Amino acid sequence: MIESCLYCISQISELVSCTSSCLVSSGIQPSYPGGILFGSVALSIAFFFSAFFFRSNLKKFIGFRLFSIAFLSTAIFTAGLIFNGHFILKSLPVIIPAVGIGSYILSYFLSFYLVKFSYKPIQFERRALNSFSSRISKRLNIKIPKMYVFFSKEPKAFVVDGFKKAIFLSDSLIERLDDKSIKAVLLHELYHLERGSGMLKNLLSSLSRLNFKILPVPIKELDRYEEEEIDKILLERHRINMEQIKMRLWG
């Protein structure tokens, strides 16, 4: 059994060397010395705060945040080994990835059914708009999504991207827009599917659950970034100004 190194906390001035010595005396050749623990904590903090310098570049922001999570995980694992958690933590390198992968797979296969159960939607039955969605889906080389209408006072639209792909429109959105504007909304949602926005969001959600939200993954920032990028695409490629449509919906 590994000796607890908790007494090292009282040796503030020599905490790193005390922890390393305790590990050696406990039978762990310094594969996990105190230096790794404190180095991991320092790097986790450094990457966490460095991410804020790249808020305008979402990919770099997410990258720095993920590095921060990785170093924090290393620090937690090492601390557990130091402070008498060796036998429990032996299984974590298997359990943690299994939980993350399992969470992602469940989200991929079940998200459509969970949304359908929550919103109680009905099939969207406008032939012209369904034909438009099918035609654009083929052009974007994506699987043709099913289309549903759900009842809500708030005008909104979103996609479910997983094993089953679908577009959900609220009845209030349909009531406030003409067919031309609804086509613009559908085009916007189809670009979400083409870019895989939902799949990336599911992945980040799984990562967020894995680190117990100690270091939150910027899902909201990703949503805002994707909305802005797709609006730019619609304006540049199709001359559709989504801001005008949003004004009709929310004034």
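Tell me yes or no: at least one residue of segment 191-210 is modelled with pLDDT of 90 or more, in a helix (DSSP H, G or I) and out of contact with any strand residue (DSSP E or B) (no Cβ under 6 Å at 6 or more places or on another chain).
Taking every residue of segment 191-210 in turn, at least one turns out to be modelled with pLDDT of 90 or more, in a helix (DSSP H, G or I) and out of contact with any strand residue (DSSP E or B) (no Cβ under 6 Å at 6 or more places or on another chain).
Quick one: would you say PHE61 is at pLDDT 75 or above, under 27 Å from GLU226 (Cα atoms) and part of a helix (DSSP H, G or I)?
In short, no.
For residues that are surrounded by 15 or more Cβ atoms within 10 Å (Cβ to Cβ) and over 24 Å from the mean Cα position of the chain (by Cα), tally how many sit in segment 153-185.
Of the residues in segment 153-185, 12 are surrounded by 15 or more Cβ atoms within 10 Å (Cβ to Cβ) and over 24 Å from the mean Cα position of the chain (by Cα).
What do you reckon, is ILE174 on the phi < 0 side of the Ramachandran plot, part of a helix (DSSP H, G or I), at pLDDT 90 or above and touching a helix residue (DSSP H, G or I) at 6+ places or on another chain (Cβ under 7 Å)?
yes
With the structure loaded, tell me whether ILE82 is surrounded by 14 or more Cβ atoms within 10 Å (Cβ to Cβ), out of contact with any Asp or Glu (no Cβ under 8 Å at 6 or more places or on another chain) and at pLDDT below 65 or whether it fails that test.
Against the criterion (surrounded by 14 or more Cβ atoms within 10 Å (Cβ to Cβ), out of contact with any Asp or Glu (no Cβ under 8 Å at 6 or more places or on another chain) and at pLDDT below 65), ILE82 qualifies.
Does segment 100-112 include one or more residues that are over 21 Å from the mean Cα position of the chain (by Cα), closer than 27 Å to HIS188 by Cβ, surrounded by fewer than 17 Cβ atoms within 10 Å (Cβ to Cβ) and at pLDDT 70 or above?
Within segment 100-112, not a single residue is over 21 Å from the mean Cα position of the chain (by Cα), closer than 27 Å to HIS188 by Cβ, surrounded by fewer than 17 Cβ atoms within 10 Å (Cβ to Cβ) and at pLDDT 70 or above.
Only residues that are of a type in the set (S, T, N, Q) and closer than 21 Å to TYR119 by Cα: list them for segment 129-163, please.
Within segment 129-163, ASN130, SER152 meet the criteria.
With at pLDDT below 95 and at negative phi as the only criterion, which of LYS120, LYS156 stands out?
Being at pLDDT below 95 and at negative phi holds for just one of LYS120, LYS156, which is LYS156.
The values are calculated or read from the model by the stated rules, or taken from the named source; none is laboratory data. What you see is a predicted model, and the numbers here were worked out from it, not measured in a lab. Heads up, the Cβs are rebuilt from the backbone with ideal geometry, glycines too, and the neighbour counts pull from every protein chain shown.
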